[in-house]
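Notes for the one structure printed next.
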Amino acid sequence: MLKFDFTNEELNIIKSKIRFTPRQLRIIDYRRDELSLVQMADKENCDVSTISRELRKINIKMMRVI
């Protein structure tokens with residue numbers, strides 16, 4: 001699972017450079033709060049596989065910039 005070890009300042013810089021979807025931004029915040037995939041899926045009212053897919057997309061976007 002993708003773990004964010006960024007400071008708030010670093011994460012704000014990344015967010016300003018990358019165009020994330022609103023759902024992806026919420027998932028990033030959930031990961032910072034260390035919620036599980038199941039908890040995130042419950043909050044987003046979607047399936048766990050959707051959260052996993054979005055996390056992969058976030059990771060790909062971040063790797064392009066970092």
Open item on the list: For segment 44-58, check the following and say yes or no: at least one residue is part of a loop (DSSP other than H, G, I, E, B) and not polar (S, T, N, Q).
Closed with: yes
- [ ] Determine if segment 23-32 includes at least one residue that is among the acidic types (D, E) and surrounded by 11 or more Cβ atoms within 10 Å (Cβ to Cβ).
- [x] yes
- [ ] May I ask you to verify whether K61 is at pLDDT below 95, in contact with a Leu (Cβ under 8 Å, 6 or more places away or on another chain) and open to solvent by less than 90 Å² (accessible area, probe 1.4 Å)?
- [x] no
Task: Residue that is nearest to E10 (Cα to Cα), among those in segment 38-49 that are of a type outside the set (G, A, S) and open to solvent by less than 40 Å² (accessible area, probe 1.4 Å) - done: M40
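The values are calculated or read from the model by the stated rules, or taken from the named source; none is laboratory data. Please read all numbers here as calculations on a predicted model, not as lab measurements. Counting neighbours? That spans all protein chains shown, and the Cβs are built from the backbone with ideal geometry, glycine included. Note: accessible area is taken over every heavy atom of the protein model, side chains too, but ligands, DNA and RNA are not part of it. Shrake-Rupley method; radii C 1.70, N 1.55, O 1.52, S 1.80 Å.
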